[in-house]
Every structure is written in C-alpha cells, then in structure tokens.
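Working notes for the structure below.
All of the numbers you see were taken from the coordinates with simple rules; none came from a lab. The model shown is predicted, which means the values in this text are computed figures rather than measured ones. Counting neighbours? That spans all protein chains shown, and the Cβs are built from the backbone with ideal geometry, glycine included.
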Amino acid sequence: MQISHELVQPEEPSEEPEPVTSSPWPIGHRFAERIRAKHATIHALLDAGHSKRSVARQLGMTLNTILRFSRATTPEEMFTGQWQSRVTRLDGFKPYLDQRWQEGCTNAWKLWEEIKEQGYFRGYAGVRDYVSRNLRGKPQPVGPRPPSARAVTRWILTHPDVLPEGDQVQLKAVLANCPEMTALSEHVRSFGHMVAPLQGDQLPAWIEAVTSTTDLPSLRHFAQHLERDLDAVIAGLTLPWNSGIVEGHVNRIKMLKRQMFGRAGFALLRKRVLLAP
C-alpha cells in the first residue's frame, strides 16, 4: 500500500529560535526545576542510544512529550509562552514597585498595601511572586535602614526632654515624611501633658480634636472608648489618688501563686502573704 505524499508531508524547516539569554523563571523555581530535570534526563537517555519509545516507557511519559523535549535543545525553549508574554493586572504597577524597591522598601506586604491604595484590587500573592522572581535577585538598595515600628513608637511615647539627640533626629525625619505620623505624635504628646500634671479638665477638648481627625481611625476609636466612662477617666486624670498600690499587691500575689504552683497548698501561700515583712 502506497501512502500518499499529500497526507504525509515532511516538516518544513523552522526558523532557528533566538538564543535564550535569560530564563523566565529564576533558578530555584519549582516548575522550572522540574522541566530542567526532565530535559536533562531525556537527552541523557537519547544520547546513550535509547529510542524515543524506549525513553517514554522507562520514564512513564507519552511519546508526544518525549518528542517535544527531544526537539528542545535547551530547557528554556519549553518555557515559551508560559509567563514572559502574559499580560497581568500587575504590569501597570511594576515600575512603581521597582522604584520603591530601589528606595529601600523591600517588604512585599507593604508594597502590596501601597499599590492597593493606587487601584490594584488583586491579592497579595501576585506582588509576593513578582518580588520573589524579579526583585529579590537585584542588589539590595544602598542607604540607611528604615526604623522599625517599635522604635518609632518608643520615640513618640518618650518625653522629648529625655529622648537622646540621635533619636530626636530620626524622629524628625520620620515625621517630615508622614503627615499622619506628625498628627499622631502631636495628639500623643498632648495626652501626655494631661497625664503627668493631672489636667483632666482638658480631656473633652482632646477627645473632640482626635475624633475630628479622619486619618487616624485607631486613635479616634480610642477616644470614643474614653467617652463611654468619661467621668471616671477625668477623675483619674485629675485626682491624686489611684489604685496603683492595690494593683501592685495583686500582681505580687499572682507572682507568688505562679512560683508556688504545684509545690504547696493554700496554707503556705497564705503564710507567705500575711507574714511577709
């Protein structure tokens, strides 16, 4: 039986693919590493003299899969069309992410929150993957490391007269770059001025100033909670008496209970509390 040449035509020689200069996946990507491992194994068996059908049986793959891998001279040719030309909703925000990375912001969650405010409504995973694939390999930005949230909180809550000069300089730099932080610092300082000299009569005015601030929702909620028991809070910020001594004794008794747990009964604990000097 003669096979018609119209049914079986030799494949036309395809154009030489351009050399792949860089892989769309970085070294260490799980999918890319699996492709590279399969490509190396298949080509090693073919170079050893095994037929394509034999390689398919040994590896448990289909013959078409073996043919595709055998035609690819490099594993990167198998990645064509996977990610490099795929349009995503993150593309419009990538220049901003690159700029922020060079400015020193290397926290993927922080970057995601920033572009969310600019209109990016997708999830965090896309930003995390972009940072991991494209930005982590770049040189770390040169510059001073930004202060932590704990350090900034300590600077704001510390009285300016006892705050070291170096911390004062860093705090001024933080406040200069964030108007919301400046407003927060002013409200915290004014509240501290009420607590130390017992000026509780200023509390209603402070609450009114805070509740009118829309950029500080957490502080506004705190002020609204104070209004629920306003008379007691004003009395605490005005009268010289407090429950600090009582709270101290309660804390000491709890400490003794934790120390003696499982070692003695209530009788010994009672002696330690009553007979203590």
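Taking +1 at the Cβ of each Lys and Arg and -1 at the Cβ of each Asp and Glu, which of Gln202, Val233, Leu184 sits farthest along the dipole of the stretch 161-260 towards its positive end, judged by Cα position relative to the Cα centre?
Comparing the listed Cα positions along the dipole, Val233 ranks first.
Averaged across orientations, what area in nm² does the convex hull of the alpha carbons in the stretch 88-216 project?
10.1 nm²
Cα to Cα, under 30 Å, and not fewer than 8 places away if on the same chain: which lysines meet these conditions relative to Lys52?
Lys38
Cross-link partners among lysines for Lys257, C-alpha distance below 29 Å, same-chain residues fewer than 8 apart left out?
Partners found: Lys271.
Along the Cα→Cβ direction, 7 angstrom out, place labels at Ser132 and Ala44. What is the inter-label distance in nm?
The answer from the label model is 2.7 nm.
Please tell me the relative contact order of the stretch 144-277 in percent, rounded to the nearest whole number, where contacts are Cα pairs under 8 Å and at least six residues apart.
Taking the mean separation of contacting Cα pairs over the length of the stretch 144-277, I get 16 percent.
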